[in-house]
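Q: Once you've had a glance at the structure underneath, I'll fire off some questions.
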Amino acid sequence: MSQRVPAEIEKVLVSEQEIQAKIQELAQAIDRDYAGKEILLVGVLKGAVMVMADLARALETPVSMEFMAVSSYGSSTSSSGVVRILKDLDRDLADQHVLVVEDIIDSGLTLNWLLRNMRSRGPASVEVCALLRKPEAAKVEVPVKYVGFDMPDEFVVGYGLDYGERYRDLPFVGLLKPEVYAR
Ligand code: PRP
């Protein structure tokens, strides 16, 4: 696969090949753990769309897909821990094996809230699969069964992650050049 690296990117941290290999590895672990079951993948918009699309296709376990959109109250998007649902799931979770799919776990506050919310809906089980995690940024410990890569606490874009809604479409995860923030 060819990699388009725009001029605004300082450095590729996780290449397209590394991401795709990791998704296959995660899918194999998930397939083993859910043998004989069906999974309801719950993607958290918008960042999770790429992981959802690739993970769903890599899994052999039968899956269905749901999406939620959430936003934190107040001006700070990811630090209040109080989350507002912008788009809820379209179905009941009763007796479902829910696998929450995230692009990145930063402070962990969004996921912490989401997990409590999911568990209150009576699913058979709830687990998490996140492609990226920043251990140094954690404000709350969240149990994440499937993690792709632990990252340094740096602002990254690509593969679902944006800066000002751009760069989500990049097939890799990378750092932006400092001058991009100065614009
Ligand atoms: C990102 C990411 C997670 C959340 C993680 O979403 O997709 O949902 O932040 O941060 P936390 O661990 O500090 O809570 P964001 O709010 O940027 O929305 P987006 O996916 O639409 O870009």
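The values are calculated or read from the model by the stated rules, or taken from the named source; none is laboratory data. Please read these numbers as outputs of a predicted model, since none were measured by experiment. Methodologically, a virtual Cβ is constructed for each residue, glycine included, from the backbone with ideal geometry; neighbour enumeration extends over all protein chains shown. Only protein heavy atoms, including side chains, enter the accessible area calculation; ligands, DNA and RNA are left aside. Shrake-Rupley method; radii C 1.70, N 1.55, O 1.52, S 1.80 Å.
Q: Please give the net charge around Ile39, taking every other residue with its beta carbon less than 14 angstrom from that of Ile39, where Lys and Arg add +1 and Asp and Glu add -1. Please report the intermediate quantities before stating the final value.
A: Numbers: positive: Arg32, Lys37, Arg57, Arg91, Lys145; negative: Asp31, Asp33, Glu38, Glu60, Glu66, Asp95, Glu127.
My count for the surroundings of Ile39 gives -2.
Q: Share of the chain's accessible area from carbon and sulfur, percent, 1.4 Å? Mind dumping the intermediate values first?
A: Details: 4440 of 9120 Å².
Of the solvent-accessible surface of the chain, carbon and sulfur hold 49 percent.
Q: So, one more: Using 0.36 nm per residue of separation minus the Cα-Cα distance, give me the extension gain between Ala7 and Asp150 in nm, one decimal.
A: Numbers: separation 143, 0.36 × 143 = 51.48 nm, distance 2.55 nm.
Extra length available between Ala7 and Asp150 comes to 48.9 nm.
Q: Turning to a different aspect of this structure: Under a Cβ-only charge scheme (Lys and Arg +1, Asp and Glu -1), can you give me the dipole magnitude of the chain about the Cα centre, in debye to the nearest 20? Before the final figure, lay out the partial values.
A: On the way: 21 positive and 28 negative charges, 72 e Å.
Computed about the Cα centre, the dipole is about 340 debye.
Q: Now a separate question. Suppose all protein chains stay in the model; what accessible area per residue would a 1.4 Å probe give for the chain, in Å²? Intermediate values should be presented prior to the final figure.
A: Numbers: 9120 Å² over 183 residues.
Each residue of the chain exposes 50 Å² on average to a 1.4 Å probe.
Q: While we're on this one: What does the charge count near Val142 come to, summing +1 for each Lys or Arg and -1 for each Asp or Glu among other residues with Cβ under 13 Å from its Cβ? Provide the component values of the computation, followed by the final result.
A: Details: positive: Arg116, Arg119, Arg133, Lys134, Lys139, Lys145; negative: Glu102, Asp106, Glu127, Glu141.
Result for the neighbourhood of Val142: +2.
Q: Between Lys46 and Asp90, how many nm apart are label points set 7 Å from Cα along the C-beta direction?
A: Once both label points are built, they end up 2.0 nm from each other.
Q: Now, a different point. Could you state the angle between the C-alpha long axis of helix 109-119 and the longest principal axis of the C-alpha atoms of the chain, as a value from 0 to 90 degrees rounded to the nearest 10?
A: That works out to roughly 20 degrees.
Q: Calculate how steeply helix 49-58 sits against the longest principal axis of the alpha-carbon atoms of the chain, using the helix alpha-carbon long axis, and give the answer as 0 to 90 degrees to the nearest 10.
A: For helix 49-58, the angle is close to 60 degrees.
Q: Turning to a different aspect of this structure: I want to make sure I understand the PRE zone here: with the label point 7 angstrom from the Cα of Arg183 toward its beta carbon, which residues in region 9-34 have backbone N atoms less than 17 Å away?
A: Only 9-11 pass the distance filter.
Q: Measure nothing fancy, just the Cα-based angle from helix 16-33's long axis to the longest principal axis of the chain, in degrees from 0 to 90, nearest 10.
A: It works out to around 10 degrees.
Q: Quick one: what Rg and Dmax do you get for region 111-183 from the alpha carbons, in Å?
A: 15.1, 48
Q: Mean residue ellipticity at 222 nm from the helices of the chain, using -39,500 (n - 2.57) per DSSP H segment of n ≥ 4 over the full residue count, to the nearest 500 deg cm²/dmol? Could you put the intermediate results ahead of the total?
A: Details: 4 runs with 43 residues, N = 183.
Value at 222 nm, helices only: -7000 deg cm²/dmol.
Q: Taking the radius of gyration and the Kirkwood hydrodynamic radius from Cα positions alone, what is the Rg/Rh ratio for the chain, to two decimal places?
A: 0.96
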